[in-house]
Amino acid sequence: MDVLVLLLVPVAVVVVWWLTARTLRQRGTGGITRHFAGLFAGVFVGLTIMVAAAITFGPKDPGDPEDFAQTKEITPGIEVEHAKPHVAAEQTPATYTITQDDYRSGGAVLRKVEVLLPRRLSAAELERVAYAIRDDYTTKLPHTFIGLRVEGQTADTFWANARFQPEYEASIIGLDAQAYQKLAATDLSRYPSMVGSWMHDGVLGRLMVLYSHGDAYKLDEIYSDGSRQTEHYLGKRLAGGRMRLQKPDDENGEFYLLLANGDLQGWSSNGQYLQLPQFKGPASLE
């Protein structure tokens, strides 16, 4: 394209020069004046062609969205099934495993990443991990969504999510590291008749403690802010070492099912909605 422009410019200068001088001669303009005007017009047109060519065919800004979207062909639906743990940054021991990494390209480019964490992170650690994941890909995508789960998490939803749109934003959905540690350190010795305890993660994260109370049972729900809610249940033993726990005044068909291995299931008229592994306490009823 550069060679073509170089050939076109002198031709355009000569042609414009000749046409301008010819037109002025027909009007009776003197020889020096018409050739000077023709040369000026020819040079002006030549410069205009060169500037237009530079704008049209010259290199574009690397940050131009049109160029950016074409820098790399992105294959959607890539899954990293056996990802190796990554270290987020040298200044933090937080590690993570990418379990799924999907890319979509189109009018807007979006990267969706799912991550498994060995433990809950602080807000600062979460931010470092999010930036490490975003920067761990050669093409800098304008939009990145990261959903994070924690090993042993009981909730089906993400424990936290982070977004770059393109600015960083994050929200912790389940129990954060401080709240979880506080509930995990709850002194359960005040429950001498404890049957079992379960950590209920999620938006309203809490520690659930079941203990016998005469011929019935009580279930304390303890929250990280120190508040406590107590519910009364009647117990009915079932085959296989299970026990059904239901409120005396229940009218909605909701109940808990305590399994022989200590797991706690939540049931309603629509079926099972909860499955919690035992956190602390005996594994079976006596």
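The values are calculated or read from the model by the stated rules, or taken from the named source; none is laboratory data. This is a predicted model, so every value here is computed, not measured. With ideal geometry, Cβ positions are generated from the backbone for all residues, glycine too; neighbour counts draw on all protein chains shown.
For segment 152-173, which positions are among the charged types (D, E, K, R) and modelled with pLDDT of 90 or more?
Going residue by residue through segment 152-173, those that are among the charged types (D, E, K, R) are 156, 163, 167, 169.
Within segment 152-173, Arg163, Glu167, Glu169 meet the criteria.
Suppose the filter is surrounded by 12 or more Cβ atoms within 10 Å (Cβ to Cβ) and basic (Lys, Arg); does Lys218 pass it? So that I can check it myself, show each step before the final result.
Working: surrounded by 12 or more Cβ atoms within 10 Å (Cβ to Cβ): yes; basic (Lys, Arg): yes.
Yes, satisfied.
Can you confirm whether Leu238 is surrounded by 15 or more Cβ atoms within 10 Å (Cβ to Cβ) and either outside the structural domain of Asn161 (by TED's automatic domain parsing) or touching a strand residue (DSSP E or B) at 6+ places or on another chain (Cβ under 6 Å) (or both)?
no
Whether any residue in segment 268-282 is closer than 24 Å to Phe158 by Cα, surrounded by 12 or more Cβ atoms within 10 Å (Cβ to Cβ) and of a type in the set (Phe, Trp, Tyr) is what I want to check.
Yes; the residues of segment 268-282 include at least one that is closer than 24 Å to Phe158 by Cα, surrounded by 12 or more Cβ atoms within 10 Å (Cβ to Cβ) and of a type in the set (Phe, Trp, Tyr).
So which residues in segment 241-273 are within 21 Å of Val195 (Cα to Cα), out of contact with any strand residue (DSSP E or B) (no Cβ under 8 Å at 6 or more places or on another chain) and free of Cβ contacts under 8 Å to residues at least 40 places away in the same chain, if there are any at all? Write out each step before concluding.
From segment 241-273, those within 21 Å of Val195 (Cα to Cα) are 241-248, 254-267; that's our starting set.
Imposing the further condition that a residue be out of contact with any strand residue (DSSP E or B) (no Cβ under 8 Å at 6 or more places or on another chain) reduces the set to 241, 260-261.
Across segment 241-273, the qualifying residues are Ala260, Asn261.
Cβ contacts < 6 Å: first residue more than 15 Å from Asp176 (Cβ to Cβ) and not assigned by TED's automatic domain parsing to the domain that holds Gly205, restricted to segment 150-165; second residue surrounded by fewer than 19 Cβ atoms within 10 Å (Cβ to Cβ) and aromatic (Phe, Trp, Tyr), any location; separation 6+ or different chain. Result?
Final answer for the pair search is Arg163/Phe145.
If Leu274 meets every condition in (1) touching a helix residue (DSSP H, G or I) at 6+ places or on another chain (Cβ under 8 Å); (2) at pLDDT below 95 apart from one, which number is that one?
In the conditions (1) touching a helix residue (DSSP H, G or I) at 6+ places or on another chain (Cβ under 8 Å); (2) at pLDDT below 95, Leu274 misses (1) alone.
Take the residues of segment 185-202 that are out of contact with any strand residue (DSSP E or B) (no Cβ under 6 Å at 6 or more places or on another chain) and free of Cβ contacts under 8 Å to residues at least 24 places away in the same chain: which is farthest from Tyr131 (Cα to Cα)?
My answer is Pro192.
Residue check, Tyr217 against (1) at pLDDT below 95; (2) farther than 30 Å from Arg111 by Cα, all met but one. Which one?
Of the numbered conditions (1) at pLDDT below 95; (2) farther than 30 Å from Arg111 by Cα, the odd one out for Tyr217 is (1).
Hey, Ser284 hits all of (1) of a type outside the set (Val, Ile, Thr); (2) over 30 Å from Asn161 (Cβ atoms); (3) modelled with pLDDT of 90 or more but one; which does it fall short on?
Answer for Ser284: the failing condition is (3).
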